[in-house]
Amino acid sequence: LGPAEAEALVRALQGSELRDIGGQGWLRQHEHVEKLNMHGILSASTGQEQLLTELLVTHAKIPVLIGELISVEIWKHKIFPVLCRLEDFKPRSTFPIYVVLHHEASIINLLETVFFFKEICESAEDNILDLIDYCHRKLILLAARSTKAQAVTSAELRAEPLASPSSMQADPVPPQELQKQAEMMEFEISLKALSVLRFITDQVDSLPLAALTRMLNTHNLPCLLVELVEHCPWSCWEAGKLKKFENGTWHVVPPEDQVKMTKLDGQVWLALLNLLLSPECQRKYRFDGFNKSQLLKLRAFLTDVLIDQLPNLVQMQRFLSYLAVTEPAPPKKDLILEQVPVIWDHILKKNSGKWEAIAKHQVKHAFSPTEEELKLQARRWAQTYSLDMMEALAPDKPRCRVCGVEAAKRCSRCRNEWYCTRACQVQHWQKHKPACNLMA
């Protein structure tokens, strides 16, 4: 994007009502977010994301993005389940639903890209409390994942990537399949929220007092992060092999790399360092018997191999050794009027008792498009996801849609699917044909 186009897209960002999600005006907003998201990733890869950061701060759009993020989260929890239970909800295509589910992922990805900068964190103002609450809810989901759930997700993500153009298939899709897709995407969104939270903790010295209290005492994030270190939901054992989730897929980790720290491991440890070693945080945090016992569990993970990879953990090791033999002073009780997040409660109160009415309205006006409307939206989508930009964003070489090996051939009609041989393309044609007709 050029500077003028990027500014126009940022200026156009605005909040939307829950009832309007999935409508034409909302879809244009989503296209703007998606373009800014891809622009942000490409700019960050070349170290040129400063322009996007300045635009978002200048036009005060971070609170807007946080509001949209929570709005879609509420839609997923309150309206999507009602939608799937409606008798007249028989979507011919998953495309409109997929766009809504994907919107949350696009926003959190954009926030992950820009929240590295202090001015972005400060421009969130009081809405930082809402974002902290959002990240806390996502980390709770991560901590709750069982080993069995990890293995199932590993197999599902490997077999059917959610972001595939096949999501625009024209055959009827059962609601259970839509809900399974939403759960798979929720995992990746939660991992992005972990990164955003770590960037927020980088700025503990400049956060509002209420934000610090909310992270340390209301949500007890240090103990939640200990839970993530213990159970590590982005790794699992399957058929005797260790798998880790990186760059959107599960990879088998060779034995020599099993002690290597991943980016996600690093985010958890850095967030713990920020929350436990800051003097202000130590003054506010309650080091009672339970919290102390949970934090001391970290000592078992602070091996020489881990500290070699992140030398700052030496300070954590010293702090925990000191904590083990002392009784820290209780936190000083300040008499303050505590701020509370407002976005979640505001949306719930405004729409309470209207969930089914909103779902019926959206079935009629947003999620039952005609064939012509689907084709039009698919073409606009194809323009949003330009092939050159998608290839620049892809971390690996394209792989065959059928067998998964590296592919050099692409569907000549829609230019969206890759194959290693013509035999694989012919085998996949019946499944790919509806999406191809939409996009071609």
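The values are calculated or read from the model by the stated rules, or taken from the named source; none is laboratory data. In this text the structure is predicted, and so the values were computed from the model without any measurement. Neighbour counts run over all protein chains shown; Cβ positions are idealised from the backbone, glycine included. For the accessible areas, the whole protein counts, side chains as well, though only heavy atoms, and no ligand, DNA or RNA atoms are used. Shrake-Rupley method; radii C 1.70, N 1.55, O 1.52, S 1.80 Å.
Observations on the model:
- Any hit, region 66-87, residues being among the aliphatic types (A, V, I, L, M), surrounded by 20 or more Cβ atoms within 10 Å (Cβ to Cβ) and within 17 Å of Arg380 (Cβ to Cβ): no
- Of all residues in region 53-65 being within 19 Å of Leu129 (Cβ to Cβ) and not hydrophobic (A, V, I, L, M, F, W, C), the one that is surrounded by the most Cβ atoms within 10 Å (Cβ to Cβ): Lys61
- Residue check: Trp269 meets all listed conditions (1) touching a strand residue (DSSP E or B) at 6+ places or on another chain (Cβ under 8 Å); (2) among the hydrophobic types (A, V, I, L, M, F, W, C); (3) open to solvent by less than 40 Å² (accessible area, probe 1.4 Å) but one, namely (1).
- Pairs meeting the criteria (first residue in region 250-262 and free of Cβ contacts under 8 Å to residues at least 40 places away in the same chain, second residue assigned to a loop (DSSP other than H, G, I, E, B) and open to solvent by 70 Å² or more (accessible area, probe 1.4 Å), beta carbons under 9 Å, at least 6 apart or on different chains) are Val253/Lys260.
- Positions within region 305-319 being open to solvent by 70 Å² or more (accessible area, probe 1.4 Å) and outside any helix (DSSP H, G or I), in sequence order: Pro311, Asn312
- Scanning region 92-120 for residues that are farther than 30 Å from Val363 by Cα and open to solvent by 10 Å² or more (accessible area, probe 1.4 Å) returns Glu112, Thr113, Phe116, Phe117, Lys118, Glu119.
- Evaluated against (1) free of Cβ contacts under 8 Å to residues at least 60 places away in the same chain; (2) assigned to a strand (DSSP E or B); (3) open to solvent by 50 Å² or more (accessible area, probe 1.4 Å), Trp237 falls short on exactly one condition, (1).
- Scanning region 272-304 for residues that are among the aromatic types (Phe, Trp, Tyr) and open to solvent by less than 40 Å² (accessible area, probe 1.4 Å) turns up Tyr285, Phe287.
- Residue count for region 241-254 satisfying the condition of being open to solvent by less than 70 Å² (accessible area, probe 1.4 Å) and not in a strand (DSSP E or B): 3.
- Count of residues meeting criterion [under 17 Å from the mean Cα position of the chain (by Cα) and closer than 23 Å to Cys223 by Cα] in region 250-265: 3
- The C-beta contact set for region 203-228 (first residue farther than 22 Å from Ile120 by Cα, second residue open to solvent by less than 10 Å² (accessible area, probe 1.4 Å) and basic (Lys, Arg), distance under 6 angstrom, 6+ apart or interchain) is empty.
- Meeting the requirement of 2 or more residues that are assigned by the TED database to the domain that holds Val114, at positive phi and at pLDDT 90 or above, no helices (runs of 4 or more DSSP H) wholly within region 1-94 can be named.
- Qualifying residue in region 418-431 (condition: closer than 20 Å to Glu371 by Cβ and in contact with a Pro (Cβ under 7 Å, 6 or more places away or on another chain)): no
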